[in-house]
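Visitor: Okay, handing you the structure first.
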Number of protein chains: 2
Amino acid sequence: MTTIHGYSPSGNCHKLRLLLEQLGRPYRWIETDSSRGETRTPQYLALNPNGKVPMLVREDGGVLVESNAILYYLAEGSAFLSDDPWMRAQALSWMFFEQYSHEPFIAVGRFICGWTPLDSPRRVELPWLRERGHQALAVMERHLAAHEWFSGPRYGVADIALYAYTGVAEDGGFDLAPYPALRAWLGRVRATPGFLPMPPPAPENAALIAASR
Amino acid sequence: MTTIHGYSPSGNCHKLRLLLEQLGRPYRWIETDSSRGETRTPQYLALNPNGKVPMLVREDGGVLVESNAILYYLAEGSAFLSDDPWMRAQALSWMFFEQYSHEPFIAVGRFICGWTPLDSPRRVELPWLRERGHQALAVMERHLAAHEWFSGPRYGVADIALYAYTGVAEDGGFDLAPYPALRAWLGRVRATPGFLPMPPPAPENAALIAASR
């Protein structure tokens, strides 16, 4: 059986759980709290020298890292990834957009709000992260004004990749009110068969998020 | 014929030129200087709302953005991308690593050295960018101690993606002396058939790079 090493409140990890649930594929989940150094142990670094979650381990011991590469691999041959090379490339394009132009601002902003103390020096980064995050949300809004999904004609891997942190962007202080098409898309994703919401953060993280508002 | 909008001294753009040359495939190149705002014109933003190079435009007008998604698309069916789903996923994994853990530090460090004035306030970012960039180089070194390539058993798209900015990392003040396996891999990439080096930066950028040393 496929094993996923993941931290449940991480959007990058939740991507894989959501796809595996929607595929109806059995998997083993090993909770690995990256916020407490569990991806920096010698045992973990031997499998993933980059020291991050999520990580997929096959029954034969083969290791695959990087959330969106894992999504793409798990979705091969399913309805969540087109067979058409051009459509696949468009989905990949949005997945690279997510990792370069979206996650480093929206996920990192959420992390600072919920996983660092209220007096953390990192909080000075928030205005800049919000500015850049809103640029990404505006690019998504523009696409969604003319398209139903990011993965092509159907819901798929690029929607899952972008949903992960957009769905919890408000935790990082991102107001989604200016993006009606994006909010409608969030609703469509949540209505897909087998949709599973991200588990709520632990009470101490939820308290920090609330105090950051 | 495929058209590429690209800025020649950009590693992200050079990836595509290098692959197209090695594929022996004809293409049209439209020089687009992102450092002078040419990706922020209304005409350009209508094609790519994210306002970046490179951008591929097909003869039928179809647009594809994100350098590594374009690389993957162009390499489909060639010797530069495996047919095996696991090997393809491993190549993609390194391409996501490149965009998340490598390019934002190594390419941005080079940009600050060569494309911002010597008194730019952005230069305070350099020590931190170098620290994070060296972490990425160390991950690459560890892989290369046991593997010849990043794309699987043969040179391919992941090598091209990682070569782009690693090959010019010294422009950003990254000393490659501590990475012998990485330096040997740079040599192997440069010895592949049809290899094309990145054109040198314009004289004013080369002067800034030299003055940053």
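For (1) under 13 Å from A:K15 (Cβ atoms); (2) among the charged types (D, E, K, R); (3) at pLDDT 95 or above, each residue gets a yes or a no:
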{"residue": "A:D60", "(1), (2), (3)": "no, yes, yes"}
{"residue": "A:L74", "(1), (2), (3)": "yes, no, yes"}
{"residue": "A:L92", "(1), (2), (3)": "no, no, yes"}
{"residue": "A:F96", "(1), (2), (3)": "no, no, yes"}
{"residue": "A:Q99", "(1), (2), (3)": "yes, no, yes"}
{"residue": "A:I106", "(1), (2), (3)": "no, no, yes"}
{"residue": "A:F111", "(1), (2), (3)": "no, no, yes"}
{"residue": "A:E125", "(1), (2), (3)": "no, yes, yes"}
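Visitor: For region A:18-54, what are the residues that are under 20 Å from A:Y155 (Cβ atoms) and either out of contact with any strand residue (DSSP E or B) (no Cβ under 7 Å at 6 or more places or on another chain) or assigned by TED's automatic domain parsing to the domain that holds A:Q99 (or both)?
Guide: A:L18, A:L19, A:E21, A:Q22, A:L23, A:G24, A:R25
Visitor: If we keep just the residues of region A:168-207 that are small (G, A, S) and surrounded by 18 or more Cβ atoms within 10 Å (Cβ to Cβ), which is farthest from A:E103 (Cα to Cα)? Spell out the reasoning first.
Guide: Initially, region A:168-207 is screened for residues small (G, A, S), giving A:169, A:172-173, A:177, A:181, A:184, A:187, A:191, A:194, A:202, A:206-207.
Add one more test, that the residue is surrounded by 18 or more Cβ atoms within 10 Å (Cβ to Cβ), and what stays is A:169, A:172-173.
Values: A:A169: 10, A:G172: 12, A:G173: 14 Å.
Applying the filter and picking the extreme gives A:G173.
Visitor: Still on this structure, I have one more. Counting just the residues of region B:25-49 that are in a loop (DSSP other than H, G, I, E, B) and crowded, with 19+ Cβ neighbours inside 10 Å, which one comes out nearest to the other protein chains (Cβ to nearest Cβ)?
Guide: Pass one, region B:25-49, residues in a loop (DSSP other than H, G, I, E, B): B:25-26, B:32-33, B:37-41, B:48-49.
Filter once more, keeping what is crowded, with 19+ Cβ neighbours inside 10 Å: B:32, B:39, B:48.
On the way: B:T32: 18, B:T39: 13, B:N48: 9 Å.
Among those residues, the one meeting the criterion is B:N48.
Visitor: Let me ask something else about it. Output the residues belonging to region B:84-136 that are of a type in the set (V, I, T) and either without any contact (Cβ under 8 Å) to a residue 24 or more places away in the chain or within 12 Å of chain A (Cβ to nearest Cβ) (or both).
Guide: B:V108, B:V124
Visitor: Still on this structure, please answer the following. Which one is farthest from the other protein chains (Cβ to nearest Cβ), of the residues in region A:149-167 that are more than 15 Å from A:Y179 (Cβ to Cβ) and surrounded by fewer than 22 Cβ atoms within 10 Å (Cβ to Cβ)? Don't jump to the end; show me each part of the working.
Guide: Filtering region A:149-167 for residues more than 15 Å from A:Y179 (Cβ to Cβ) gives A:149, A:151-161, A:164.
Of the ones still in play, those that are also surrounded by fewer than 22 Cβ atoms within 10 Å (Cβ to Cβ) are A:149, A:152-154.
Numbers: A:W149: 16, A:G152: 13, A:P153: 15, A:R154: 18 Å.
If we take residues in region A:149-167 being more than 15 Å from A:Y179 (Cβ to Cβ) and surrounded by fewer than 22 Cβ atoms within 10 Å (Cβ to Cβ), then A:R154 is farthest from the other protein chains (Cβ to nearest Cβ).
Visitor: Here is a further query. Kindly indicate whether A:A69 is in the same structural domain as A:R132 (by TED's automatic domain parsing), buried (at least 18 other Cβ atoms within 10 Å of the Cβ) and free of Cβ contacts under 8 Å to residues at least 24 places away in the same chain.
Guide: On the way: in the same structural domain as A:R132 (by TED's automatic domain parsing): no; buried (at least 18 other Cβ atoms within 10 Å of the Cβ): yes; free of Cβ contacts under 8 Å to residues at least 24 places away in the same chain: yes.
In short, no.
Visitor: Now for a different question. Filter region A:50-70 down to residues that are touching a His at 6+ places or on another chain (Cβ under 9 Å), within 12 Å of another protein chain (Cβ to nearest Cβ) and aliphatic (A, V, I, L, M), then give me how many there are.
Guide: Counting residues in region A:50-70 that are touching a His at 6+ places or on another chain (Cβ under 9 Å), within 12 Å of another protein chain (Cβ to nearest Cβ) and aliphatic (A, V, I, L, M) gives 2.
Visitor: Give the residues of region A:56-73 that are in contact with a strand residue (DSSP E or B) (Cβ under 8 Å, 6 or more places away or on another chain) and under 19 Å from A:Y163 (Cα atoms), sorted by residue number.
Guide: Within region A:56-73, A:I70, A:Y73 qualify.
Visitor: Considering only region B:71-83, I want to know if a residue exists there that is away from chain A (no Cβ under 12 Å) and in a helix (DSSP H, G or I).
Guide: Scanning region B:71-83 turns up no residue that is away from chain A (no Cβ under 12 Å) and in a helix (DSSP H, G or I).
Visitor: Just to check your reading of the model, which residue among A:D175, A:D171 is under 21 Å from A:G109 (Cα atoms), assigned to a helix (DSSP H, G or I) and at pLDDT 95 or above? It would help to see each step written out before you state the result.
Guide: On the way: A:D175 fails: assigned to a helix (DSSP H, G or I).
Going through A:D175, A:D171 in turn, just one is under 21 Å from A:G109 (Cα atoms), assigned to a helix (DSSP H, G or I) and at pLDDT 95 or above: A:D171.
Visitor: Please determine whether any residue of region B:91-106 is within 20 Å of B:A210 (Cα to Cα) and not polar (S, T, N, Q).
Guide: Taking region B:91-106 first, the residues within 20 Å of B:A210 (Cα to Cα) are B:105-106.
Those still in the list that are not polar (S, T, N, Q) too: B:105-106.
There is at least one residue in region B:91-106 that is within 20 Å of B:A210 (Cα to Cα) and not polar (S, T, N, Q).
Visitor: With the checklist (1) outside any helix (DSSP H, G or I); (2) hydrophobic (A, V, I, L, M, F, W, C); (3) not assigned by TED's automatic domain parsing to the domain that holds A:R190 in hand, flag the one item A:W149 doesn't pass.
Guide: (3)
Visitor: Looking at this structure, is B:R142 outside the structural domain of B:H14 (by TED's automatic domain parsing), out of contact with any Lys or Arg (no Cβ under 7 Å at 6 or more places or on another chain) and buried (at least 20 other Cβ atoms within 10 Å of the Cβ)?
Guide: Values: outside the structural domain of B:H14 (by TED's automatic domain parsing): yes; out of contact with any Lys or Arg (no Cβ under 7 Å at 6 or more places or on another chain): yes; buried (at least 20 other Cβ atoms within 10 Å of the Cβ): no.
Here the answer is no, as B:R142 does not meet what is asked.
Visitor: Moving to a separate point now. So A:I4 fits all but one of (1) surrounded by fewer than 19 Cβ atoms within 10 Å (Cβ to Cβ); (2) in contact with a Phe, Trp or Tyr (Cβ under 8 Å, 6 or more places away or on another chain); (3) modelled with pLDDT of 95 or more; what number is the exception?
Guide: That leaves (1) as the condition not met.
Visitor: While we're looking at this one, here's another question. Filter region B:7-24 for residues that are of a type in the set (G, A, S), surrounded by 14 or more Cβ atoms within 10 Å (Cβ to Cβ) and in a loop (DSSP other than H, G, I, E, B) and give the result. Before the answer, list the steps.
Guide: Going through region B:7-24, the residues of a type in the set (G, A, S) turn out to be B:8, B:10-11, B:24.
This time we only want the ones that are surrounded by 14 or more Cβ atoms within 10 Å (Cβ to Cβ), so: B:8, B:10-11.
B:S8, B:S10, listed by residue number.
Visitor: If you scan region B:84-134, which residues turn out to be assigned to a helix (DSSP H, G or I) and of a type in the set (S, T, N, Q)? Let's see the steps before the verdict.
Guide: First, the residues of region B:84-134 that are assigned to a helix (DSSP H, G or I): B:85-115, B:121-134.
Answer for region B:84-134, where residues must be assigned to a helix (DSSP H, G or I) and of a type in the set (S, T, N, Q): B:Q90, B:S93, B:Q99, B:S101.
Visitor: Among (1) touching a Lys or Arg at 6+ places or on another chain (Cβ under 7 Å); (2) closer than 18 Å to B:G6 by Cβ, where does B:R110 come up short?
Guide: (1)
The values are calculated or read from the model by the stated rules, or taken from the named source; none is laboratory data. Please read all numbers here as calculations on a predicted model, not as lab measurements. Heads up, the Cβs are rebuilt from the backbone with ideal geometry, glycines too, and the neighbour counts pull from every protein chain shown.
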